[in-house]
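Reading through the structure tokens given below for one structure.
Where a number appears in this text, it was derived from the coordinates with a stated rule and is not lab data. Quantities reported herein were computed from a predicted structural model and do not represent experimental measurements. Don't worry about glycine lacking a Cβ; one is built from the backbone with ideal geometry, like all the others, and counts go over all protein chains shown.
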Amino acid sequence: MKLLYFAWLKVKIGVAAEEVALPPEVGTVAELLDWLEARGPGYAEALADRSALGVAVNQEYARPEEPVGPDDEVALFPPVTGG
Amino acid sequence: MKLLYFAWLKVKIGVAAEEVALPPEVGTVAELLDWLEARGPGYAEALADRSALGVAVNQEYARPEEPVGPDDEVALFPPVTGG
Amino acid sequence: MIRVQREDFDLGAEVAALTRGNHEIGGLAVFVGLVRDRVGEENLGAMTLEHYPGMTEKALARIEEEANRRWPLEASLVIHRVGRLEPGEQIVLVAAASAHRQAAFEACQFLIDWLKTKAPFWKQEETASGPKWVEARAGDDEAAKRWQAQDPDAAQ
Amino acid sequence: MIRVQREDFDLGAEVAALTRGNHEIGGLAVFVGLVRDRVGEENLGAMTLEHYPGMTEKALARIEEEANRRWPLEASLVIHRVGRLEPGEQIVLVAAASAHRQAAFEACQFLIDWLKTKAPFWKQEETASGPKWVEARAGDDEAAKRWQAQDPDAAQ
């Protein structure tokens, strides 16, 4: 799975993008976030406030229950502030 | 008094502007309109619908009860349609 | 700033001049009215805009003052053309700039709504059936009234 | 039409290209967002706009489609810049043209309101106290929600 991080999530996690091999227990957005959170303190900090976290699966906004798989591009980001 | 007519009021009355000598009974906008209406069929037709008539005294919108005098510039016109 | 003129205006140049150097501006709202090529079922050949020189400028200046009284504007502009205009030509430009976008949008709508019901302009349309004076639209009165309702004591 | 670009845009040229030759257009509403030189009490040196290439274009295209579904638009345009921008620079342009002004104004406001809450852009501000990511404004969420309320079934 390709993971992308934007704005201060990228800063806290320390990379803009990474390829990860998903363990079998990760089948949804929520499970992916649980798994990522346990990867280290930067991840834990970046993902602490899930209510403010934007998630896109294959460049479309996704809810926690949405399925994810190894071929997906998943992006995590703070609330958008364009315009 | 200087009188100005705009848009179709000008067409019905037949002139764009005229100087008139006010008779003593004309002291307000309403009295001016009554007096003008009696000046001929063009005037009567132009002033028939007073609810739709715009009146400006010295380039400010004026109500029927507003006073008018010989030194004033009074303009009569249909509802505005700019923009 | 307000202007009444025969000549066309250059939207880009006007807006650039309006905002240049003012770094307090966060949002700029602009409206341009254009001549359409149809009137109901008929084709429009042209329209002619008549106005009341002197009063027009006073009315526009007062409308602009009122907008600046109601919203914290950094800049505002009204340009209205007069004379004969063909389809596709620009008739009017109103612009309002403020720190934030809501004030800019509201002031811009206010400017055009009040201009349409208060500034002494009259349009005559040329179609195959001859010249015809445009009638005031009830919708324009309603659009203007929503601003009146917000401030019943405002000058007409 | 939507565009994401580093370069500045020429408001006059963009609007002229958008409306040229379309004589069904009676009203054009435009909004331009600009970089202000202050953030609260601090002076802003510059801001940097980051985005999510690919998703940004999809999100903007969807917002523009939704505007065209809701209002009878003759033309619409969204241009959003990315990269480093200094005070006074243009950030975003949205424009909507319709036969009548109300549709143009509403669609223009809808475009900027939804863009602000749905398109994946993030601003970082540079001040004397260092770089700082801009936080989402509750007011922007509220502005976007008024359009949601009008059509609760609309796609996010």
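Mind listing whichever residues of the range D:118-134 are at the interface with chain A (Cβ under 7 Å from one of its Cβ atoms) and without any contact (Cβ under 8 Å) to a residue 40 or more places away in the chain? Residue satisfying the conditions is D:Trp133 alone.
Annotation: C:Arg69 fulfils all but one of (1) in contact (Cβ under 8 Å) with a residue 40 or more places away in the chain; (2) more than 13 Å from every other protein chain (Cβ to nearest Cβ); (3) not in a strand (DSSP E or B); the unmet one is (1). Looking at the range D:21-62 only, could you name the residues that are among the β-branched types (Val, Ile, Thr), more than 30 Å from C:Lys116 (Cβ to Cβ) and within 8 Å of another protein chain (Cβ to nearest Cβ)? Result: D:Val35, single match.
Let's see how each residue does on (1) surrounded by 19 or more Cβ atoms within 10 Å (Cβ to Cβ); (2) in contact with a helix residue (DSSP H, G or I) (Cβ under 9 Å, 6 or more places away or on another chain); (3) on the phi > 0 side of the Ramachandran plot; (4) not charged (D, E, K, R):
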{"site": "B:Leu3", "(1), (2), (3), (4)": "no, yes, no, yes"}
{"site": "B:Glu19", "(1), (2), (3), (4)": "no, no, no, no"}
{"site": "B:Pro23", "(1), (2), (3), (4)": "no, yes, no, yes"}
{"site": "B:Thr28", "(1), (2), (3), (4)": "no, no, no, yes"}
{"site": "B:Leu36", "(1), (2), (3), (4)": "yes, yes, no, yes"}
{"site": "B:Gly40", "(1), (2), (3), (4)": "no, yes, yes, yes"}
{"site": "B:Ser51", "(1), (2), (3), (4)": "no, no, no, yes"}
{"site": "B:Glu65", "(1), (2), (3), (4)": "no, yes, no, no"}
{"site": "B:Val74", "(1), (2), (3), (4)": "yes, yes, no, yes"}
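Residue-by-condition table, conditions (1) within 21 Å of D:Ala119 (Cα to Cα); (2) part of a strand (DSSP E or B); (3) touching a strand residue (DSSP E or B) at 6+ places or on another chain (Cβ under 9 Å):
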| residue | (1), (2), (3) |
| --- | --- |
| A:Leu3 | yes, yes, yes |
| A:Leu9 | yes, no, yes |
| A:Pro24 | no, no, no |
| A:Asp34 | no, no, no |
| A:Gly42 | no, no, no |
| A:Glu45 | no, no, no |
| A:Arg63 | yes, no, yes |
| A:Leu76 | yes, yes, yes |
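The single condition from (1) buried (at least 18 other Cβ atoms within 10 Å of the Cβ); (2) of a type in the set (D, E, K, R); (3) more than 10 Å from chain B (Cβ to nearest Cβ); (4) in a strand (DSSP E or B) that C:Arg84 fails is (1).
So that you can scan it fast, the table gives a plain yes or no per residue for (1) assigned to a loop (DSSP other than H, G, I, E, B); (2) crowded, with 20+ Cβ neighbours inside 10 Å; (3) more than 7 Å from every other protein chain (Cβ to nearest Cβ):
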position: C:His80; (1), (2), (3): no, yes, no
position: C:Leu111; (1), (2), (3): no, yes, yes
position: C:Ala136; (1), (2), (3): yes, no, no
position: C:Ala144; (1), (2), (3): no, no, yes
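D:Glu126 satisfies every condition listed in (1) in a helix (DSSP H, G or I); (2) in contact with a Gly (Cβ under 6 Å, 6 or more places away or on another chain) except (1).
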